[in-house]
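Read the structure below first, then the notes.
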Amino acid sequence: MATTQIRKAAVIGSGVMGSGIAAHLANAGIECYLLDIVPPEPGEGDDVDDPEFRNRFATENKAKLKKQSPSPIYTERDLDLIIPGNTEDHLHWLGEVDWVVEAVPENMDIKQSTFAKIEEHAGDDTIISSNTSGLSIDGMLEGRSDSFRSRFLVTHFFNPVRYMKLLELVEGPDTDPEVVETMVNFGENVLGKGIVFGKDTTNFVANRIGVHGMMTIMHLMDDYEMTVEGVDVIFGKPMGRPKSAVFRTADMVGLDTLVHVADNCYDTLTEDEEREIFQVPDFMKELVKEGRTGQKAGAGFYKKTSDGIETVKLEENSLDYRDRDKPKFDSIKAAKKAGDVADRVKALLVDGEDNAAEYAREVTFRSLAYTARRLGEIADDVLNIDRGMRWGFNWDLGPFEVWDALGIQWTYDQMQDRGIEVPDWVDQLIEDGVESFYRWENDTKLFYDVNSGEYQEIERSNRVLSVDLLNRAEGDHKVMGNSSASLHDMGDGVALLEFHTKMNAVDPDLIEMMHKSIDEVETGDWNGLVIGNDSDNFSAGANLMLVMMNAKSGNWDDIESMVKNFQDANQRMRYSHKPVVSAPRGLTLGGGAEVAMGANAIQAAGELYMGLVEVGVGLIPGGGGNLQLMRNVFGMHSDNSDFEPLPFLQKIFMTIGLGEVAKSCEEAREFQFLTETDRVTINDDHLLVAAKQRVLGMAESNFRPPRPRKFRLPGRDGVATIDMMLYSMQQNEQISAHDRLIGNKLANVICGGEHASTATLVDEQTLLDLEREAFMSLCGEEKSQERMAHMLQHNKPLRN
């Protein structure tokens, strides 16, 4: 019987996928052996018996994890959880682990040989899986025992493993259902993945549909006289897909990788009615032949030069580059003005009348029909196919969700008019009058099950909660709200404060709701408060346009009122008599970071991009961020006369002064935006429930608000020390005079003002007053206003 808990793992094969899997296991706190072959060709001076030589492949590929961008790891510290070795000396390690995942080259002989070795050394209860992208399970298991077969399945991760949510699970004919259940629980709850159940067919679910779609787009682009940029403009955001769309995505994935996947489809799908679609276009074959494989090679369909971005001239049947164009289409312009993603897709495909719209329709109808014909072959239901495309290709809508957005009957009629073949079950669905593949019954979502002809409930873990689900549930869960924020009842006496401005930017109405929410929670029958939302980004900061316009107009009272109210709101959250937990994810910048850090505890998503970045727009944190970081960095030593404050202050100054942004939850902890007691939820679908449970735990353990801190600070002596560093940087032209001015303002705040000294203590309100004074002063500086305007216009900082 196989294990039901995975505490230690081994990855065999340390290439891009193998090392990526090992890195994400380390992100989740799972110790992992990373094994690869012994180098077959020793170089001059190599000692073939030296472990350093024998482990070289795994060791070097582990080291590469530090240099990859975006980083596959949350923190370099977690690399200690990855132990490199080789498949000749260390296979006995497999007896210690709960899961072995194979990630060797896609060659059946190599796979079979690897599994024979695994069976010889792994424990009798060890789960074994393959990360194959499409080799048959029957072929890989040839010669394996019944016990091995019962503990085997495919676990197909998508690259980059840390960032791609999809994990495709494919059972073998003899896989024990408990093994599948264990991997589902581990994948969802520990690794944070979205599980899709596929079948043992070439390229499984997402790659089969996704690559078919990309190849269709490429094969049809000449018919509609489309350029590379034109294709990417159409099949990006207007279609609810990533901005990278088609050709930029190909460059990111690697043209050679895409060719391999397409070739695998062409070679093995001999009965597929659209097999020829998987024929790689000549232009892509030639690019790969010339080594122009995309981003990793410095050139692909796009090439970055010192003068800007260039594009391959496919419209001229040339592989030379030209300056990137910015094509404009009326249908795309109209789609961008539509509401949500379903409205955008409908505006383009139903209402669009230009060449771009017709091209998009032709591709979409062909792709939807092909996907419908694959139902039952690659997956049992529409749900798994849609999830595969959303989680594996980052589409906002899966194929059948697109069909719903367009209208089932309208789409069917369009296909019929064009002579596009649909499977019999679609004809029957139309005959039965089914109007959608999905529908809601209160907070329960259902999908149309083709096999039964009935709607089936989509199972939902009790760890999943969202504002959308609260709004759909029976009863009124909204307690109060305004245009910027709302307070909801999460159940069990926990309230949820949700921001819903653009990018969840902090503005006066949002601040007002912070005050009203804490009033409600403190005086009502509540256990506590969660601050969180459904957005990809917790909050991108303050409403900079509002600040700049008020500064330009000289409305200083309005700015100061907003800043003071924001400081007060964050302080009230901190010292409320009911516990407050923030649940940040994605961008948590400036004022967003101040809201998150103002809570009593943070339950953060793994993908957290957090920082106090106000210096980039000519300001310093104004909502208490300086004080909050000082609390975290000084800890219990803030008033301890035995500790020299300057080393603490230097760290705080550099973190804020450089506008440092943490690129993961653990990096945020290293910057001390998070504390040692703050917690992480890797699966962001589970984030709000985890934050709610944190509130309940704090309430049940007799929560008391923390004691306000006092700080022993050096005052003007500390400012002078920091200014010496700033002077040197200015002399070396590392910073401008205005940078130095901002730095001195920041130094004065964190050093406690000119009257502070290490013989006295500075309280929190004094620091907040100093912060507000500095913020207001910088708002009045012309160069700071120029920085604000530049950021709003160009979305990048100005150094003036």
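The values are calculated or read from the model by the stated rules, or taken from the named source; none is laboratory data. Just so you know, these numbers come straight off a predicted model, no measurement behind them. Methodologically, a virtual Cβ is constructed for each residue, glycine included, from the backbone with ideal geometry; neighbour enumeration extends over all protein chains shown. With ligands, DNA and RNA removed, areas are computed over all heavy atoms of the protein, side chains included. Shrake-Rupley method; radii C 1.70, N 1.55, O 1.52, S 1.80 Å.
Overall shape of the stretch 135-186 was characterised from the C-alpha gyration tensor. The equivalent ellipsoid obtained from it has semi-axes of 22, 14, 7 Å, in decreasing order.
Of 418, 707, 54, the residue with the largest accessible area leads and the full order is 707, 418, 54 (1.4 Å probe).
With N the number of residues in the stretch 93-143, Rg(Cα) / (2.2 N^0.38 Å) evaluates to 1.08. The calculated pair-distance distribution of the stretch 658-735 uses every alpha carbon pair, bins of 10 angstrom beginning at 0, and gives 13, 23, 31, 16, 15, 2 percent. Just so you know, the Rg over Rh for the stretch 602-694 is 1.02, from Cα atoms, with Rh as the Kirkwood radius. For the chain, the residue among 484, 469, 51 whose Cα projects farthest onto the positive side of the dipole built from Cβ charges is 484. Remark: the stretch 456-465, residue by residue, has Karplus-estimated 3J(HN,Hα) of 10, 5, 7, 4, 10, 5, 6, 8, 9, 8 Hz, where x stands for each Gly or Pro and the curve is 6.51 cos²θ - 1.76 cosθ + 1.60 at θ = phi - 60°. Helix 764-779 and the longest principal axis of the Cα set of the chain meet at an angle near 80°. Taken over the stretch 351-505, the percentage of Cα pairs per 10 Å bin, counting from 0 up to the bin with the maximum distance, is 9, 31, 28, 21, 11, 1. Projecting the Cα atoms of 399, 107, 691 onto the charge dipole of the chain, computed from C-beta unit charges around the Cα centre, puts 691 farthest toward the positive end. Note that the chain, at 25 °C in a medium of 0.890 mPa s, gets a Stokes-Einstein diffusion coefficient of 84 µm²/s from its Kirkwood radius over C-alpha pairs. The listed residues 556, 93, 403, 410, once ranked by accessible area (1.4 Å probe) with the largest placed first, stand as 556, 410, 93, 403. Dipole magnitude for the stretch 286-385: about 300 debye, using +1 per Lys or Arg Cβ and -1 per Asp or Glu Cβ, origin at the Cα centre.
Can you pull out the GluC sites (Glu not before Pro) in the stretch 274-314 whose DSSP state is coil and whose Cβ has at most 13 other Cβ atoms within 10 Å?
For GluC sites (Glu not before Pro) across the stretch 274-314 that sit outside H, G, I, E and B with at most 13 neighbouring Cβ atoms in 10 Å, the list reads 290.
Partners of residue 285 within straight-line reach, counting lysines whose Cα lies under 20 Å from its Cα and excluding those fewer than 8 residues away in the same chain: 296, 303, 313. Mean silhouette area of the stretch 44-84, derived from the convex hull of its C-alpha atoms and averaged over all directions, reads 3.5 nm². Here's the list of aspartates and glutamates a cross-link from residue 478 could span, going by alpha-carbon distance under 13 Å and ignoring same-chain residues fewer than 8 apart: 468, 489, 498, 520. Each peptide in 714-725, 36-47, 353-364 gets a packing score, the mean of other Cβ atoms within 10 Å over its residues, and the list from highest to lowest is 353-364, 714-725, 36-47. Derived scalar couplings between HN and Hα for the stretch 249-259 equal 4, 4, 4, 5, 5, x, 4, 5, 5, 5, 4 Hz in order, rounded to whole Hz, by the Karplus curve 6.51 cos²θ - 1.76 cosθ + 1.60 (θ = phi - 60°), x for Gly and Pro.
What a 1.4 Å probe finds exposed on the stretch 359-482 is 37% carbon and sulfur by accessible area, rounded to a whole percent. Under 5 Å between amide hydrogens, built in the peptide plane, is the criterion, and for residue 294 it picks out 255, 299, 300 among residues at least 5 positions away or on other chains.
log10 I(q)/I(0), Debye, Cα-only the stretch 151-215, no solvent, q = 0.18, 0.20, 0.22 Å⁻¹? Rounded to two decimals, the profile gives -0.67, -0.80, -0.93. Principal-axis analysis of the Cα atoms of the chain puts helix 544-553 at an angle of about 40° to the longest axis.
Helix 16-27 axis versus longest C-alpha principal axis of the chain: approximately 40°, rounded to the nearest ten. What you get for the chain, charging only the Cβ of Lys and Arg (+1) and of Asp and Glu (-1), is a dipole of about 3040 debye around the Cα centre. Per-residue ellipticity at 222 nm from helix content only, as computed over the chain with -39500 (n - 2.57) for each DSSP H run of at least four residues, stands at -13000 deg cm²/dmol. Would you please give the residues with an amide H less than 5 Å from that of residue 479, counting only those at least 5 places away or on a separate chain, with H modeled from the backbone geometry? For residue 479, the qualifying residues are 487, 488, 489. Distance between the modelled labels on residue 244 and residue 46, one decimal in nanometres: 3.3 nm (7 Å Cα→Cβ projection). Close amide H partners of residue 8, meaning residues 5 or more places away or on another chain with modelled amide H under 5 Å apart, are 98, 99.
The alpha carbons of the stretch 287-334 occupy a box of 39, 25, 16 Å along the principal axes, longest dimension given first.
Rolling a 1.4 angstrom probe over the protein heavy atoms with all chains in place gives the chain an accessible area of 43 Å² per residue. Positive-end ranking of 90, 63, 116 along the dipole of the stretch 45-123, with charges on Cβ about the Cα centre, is headed by 63. Peptide packing: for 123-136, 745-758, the average count of neighbouring Cβ atoms within 10 Å per residue gives the ranking 745-758, 123-136, highest mean first. The convex hull drawn around the Cα atoms of the stretch 689-731, when projected onto a plane and averaged over every direction, covers 6.2 nm². Packing, taken as the mean count of other beta carbons within 10 Å per residue, orders the peptides 67-78, 676-687 from highest to lowest as 676-687, 67-78. Across the stretch 84-92, computed HN-Hα scalar couplings (Karplus, 6.51 cos²θ - 1.76 cosθ + 1.60, θ = phi - 60°) run x, x, 9, 8, 10, 9, 10, 5, 5 Hz from first to last residue, x flagging Gly and Pro. Note on the stretch 293-338: with charges restricted to the Cβ of Lys and Arg (+1) and Asp and Glu (-1), its dipole about the Cα centre is near 360 debye. Each Lys or Arg adds one and each Asp or Glu subtracts one; over the other residues with Cβ under 13 Å from the Cβ of residue 280, this totals -3.
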